[in-house]
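Some notes on the structure that comes next.
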Amino acid sequence: MENTTMKSPITKIPAAEAAGHKNAVWLDVRTPAEYTEHHIDGSVLHPLSNLDAAAVKNLAGDRACVVVCRSGNRASQAAEKLAAAGVSSVHVLDGGILAWEAANLPVNRGAKTMSLERQVRIAAGAMVFAGTLLGVFVQPWFLVVPGFVGAGLVFAGITDTCGMGMLLARMPWNQRGATCPSCKV
């Protein structure tokens, strides 16, 4: 029986192996603020929040594309978009820039910023805390707020997609710093 299953053009590669991909297009899909804090030399910033897969396909041409984010989650989402747009060889840096740094590979450092993950935790915690206080002391209907945040966190955990993170990534404080071809900064 013939196997008609197509091999996915997306692979996860460890930092040590990725470092050998000198001719690849290195695509960083974090926010401009995260990119400014630290990034891999030669990487190009295209935030996931407004990733133009067709522009990346034109940029990559026949070269492989190594996608980088903080830990690998956003890079995997971007890789799916790139593969769907026809980029033939897409690699996700397994563990993201955190794994790259843990492997003692070089990064360019800039001004320190707050990670998107930390911003989500602060925003979700503040909404749950405020909604609970308002629900107990002002009006029970405010308890809908922590319920909504809890449901959003469950959805984010199941789908590995965080709506609050995507919203926070578009905030002005996350757009400061680096410039990129696909974002309006």
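We did not get these values from a lab; they are worked out from the coordinates using the rules stated. Since this is a predicted model, take the numbers as computed values, not measurements. Cβ atoms come from the backbone with ideal geometry, glycine included; neighbour counts cover every protein chain shown.
Hey, in the GNM for the chain with a 10 angstrom Cα cutoff, which one of Gln119, Gln139, Gln175 fluctuates hardest?
Gln139
Could you run the Debye sum over the Cα atoms of region 116-174, one equal point scatterer each and no solvent, and tell me log10 of I(q)/I(0) at q = 0.23, 0.26, 0.30 Å⁻¹, two decimals?
With one equal scatterer per Cα and no solvent, log10 I(q)/I(0) is -0.89, -1.00, -1.14.
Working out 0.36 nm times the residue gap between Phe148 and Ala103, then minus their Cα-Cα distance, what length gain in nm do you get to one decimal?
Gain on stretching Phe148 to Ala103: 12.3 nm.
Determine the sum of side-chain charges near Asn58: Lys and Arg each +1, Asp and Glu each -1, restricted to other residues whose C-beta is under 15 angstrom from that of Asn58.
+1
Among Trp100, Trp26, which comes first, second and so on when ranked by fewest other beta-carbon atoms within 10 Å?
Ranking Trp100, Trp26 by Cβ neighbours within 10 Å, fewest first, gives Trp26, Trp100.
Roughly what would the spin-label model give for Lys57 and Met166, points 7 Å off Cα along C-beta, in nm?
Taking the simple label geometry, Lys57 and Met166 are separated by 2.1 nm.
Residue by residue through region 138-144, which ³J(HN,Hα) values in whole Hz follow from phi under the Karplus form 6.51 cos²θ - 1.76 cosθ + 1.60 (θ = phi - 60°), with glycine and proline marked x?
For region 138-144, the Karplus-derived couplings read 10, 8, x, 4, 5, 5, 5 Hz, x marking Gly and Pro.
Assuming a viscosity of 1.567 mPa s and a temperature of 4 °C, what translational diffusion coefficient in µm² per second does Stokes-Einstein assign to the chain, Rh being the Kirkwood radius over Cα pairs?
Translational D for this selection: 73 µm²/s.
Take the Cα atoms of region 10-109, find their three principal axes, and give me the spread along each one in whole Å, biggest first.
Projected onto the principal axes, the Cα atoms of region 10-109 cover 33, 27, 21 Å.
Does anyone have the angle between helix 116-137 and the longest principal axis of the chain? Alpha-carbon axes, 0 to 90°, nearest 10?
20
Specify the angular offset, from 0 to 90 degrees and rounded to the nearest 10, of the alpha carbon long axis of helix 73-84 from the longest principal axis of the alpha carbons in the chain.
50
Determine, from the Cβ-Cβ distance of Ala16 and Arg118 and an R0 of 30 Å, the FRET efficiency 1/(1 + (r/R0)^6), rounded to the nearest 0.05.
0.65
Estimate the FRET efficiency between Ala130 and Ser71 by the formula 1/(1 + (r/R0)^6), using the beta-carbon distance for r and 25 Å for R0, to the nearest 0.05.
It comes out at approximately 0.30.
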